[in-house]
Amino acid sequence: GVKTRHPLEYVVWAAEESNYGSGLHGSRMAAGLIEGDEFDRVQNGISKREAVKRIGGDLSRIAEARRSPGSFHAYLELHIEQGGKLDRAQIPIGVVEGIVTIDDYDVHVRGFANHAGTTPMAERRDALVAAAQIVAAVQQIANREAGAQVGTVGQMSVKPNAPNVIPGDVELTVEFRDLDGAKV
């Protein structure tokens, strides 16, 4: 029985976190900000075009997602990310204090792929061992001082990715976030 002065509409954005070289996929489509080569980008061996198709998306209908500037009176965005934290603190709703600064890095570690059974430990140039040290360092850096800063290695590709070959090549992402840009 509640009447509003304006129509009420809700949207569930898809793929807002970074993937295929960019984030904010659903909201960028609504804003008409899709990049020209975006659907040709490949991640984990699958093009974005194919990934959208696999989940039932129809790229021929992207224009239907476009919202005209000024077509809505107000916008309220709900996030579930803080749900656990707020729930533990028995706080029913949170208020945004700011937008975090994000610094992210694509890291490429080069070692030397070699046979796992015949290469002595002292002669190995294992890219994954070096990458693991980077992962541990990200954790240490984020925990170095008190605060709400976070650090994450959320993506890693190991090559040749075979059980009996010493990894010769690792690509990974490193991301740091905090409300204080200087801290990041």
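The values are calculated or read from the model by the stated rules, or taken from the named source; none is laboratory data. Being a predicted model, the structure only gives us computed values, none of them experimental. Quick reminder, even Gly has a Cβ in these numbers, built from the backbone with ideal geometry, and neighbours come from all protein chains shown. Surface areas here come from the heavy atoms of the whole protein model, side chains and all, with no ligands, DNA or RNA. Shrake-Rupley method; radii C 1.70, N 1.55, O 1.52, S 1.80 Å.
For the reader, a short list of remarks on this structure follows.
- Scanning region 82-94 for residues that are open to solvent by 100 Å² or more (accessible area, probe 1.4 Å) and within 18 Å of GLY147 (Cα to Cα) gives a single hit, LYS85.
- For region 1-41, the set of residues classified as among the hydrophobic types (A, V, I, L, M, F, W, C) and either assigned to a loop (DSSP other than H, G, I, E, B) or exposed (fewer than 10 other Cβ atoms within 10 Å of the Cβ) (or both) consists of VAL2, LEU8, VAL11, VAL12, TRP13, ALA14, ALA15, LEU24, LEU33, ILE34, listed by residue number.
- Among the residues making up region 154-184, those that are more than 25 Å from GLN140 (Cβ to Cβ) and not in a strand (DSSP E or B) are PRO160, ASN161, ALA162, PRO163, ASN164, GLY168.
- Cβ-Cβ under 8 Å pairs, at least 6 apart or on other chains, region 107-122 side more than 12 Å from PRO167 (Cβ to Cβ) and in contact (Cβ under 8 Å) with a residue 12 or more places away in the chain, far side open to solvent by less than 80 Å² (accessible area, probe 1.4 Å) and small (Gly, Ala, Ser): VAL107/ALA131
- Any hit, region 66-86, residues being in a helix (DSSP H, G or I) and either touching a residue at least 60 places away in the same chain (Cβ under 8 Å) or more than 24 Å from ASP180 (Cα to Cα) (or both): no
- Checklist (1) surrounded by 16 or more Cβ atoms within 10 Å (Cβ to Cβ); (2) without any contact (Cβ under 8 Å) to a residue 40 or more places away in the chain; (3) assigned to a helix (DSSP H, G or I) applied to GLY151, failing item: (3)
- The residues of region 49-81 that are of a type in the set (D, E, K, R) and open to solvent by less than 100 Å² (accessible area, probe 1.4 Å), listed by number, are GLU50, ASP58, ARG67, GLU77.
- Among all positions in region 132-148, there is at least one residue which is more than 21 Å from GLN43 (Cβ to Cβ), surrounded by fewer than 16 Cβ atoms within 10 Å (Cβ to Cβ), among the small types (Gly, Ala, Ser) and more than 21 Å from the chain's Cα centre (by Cα).
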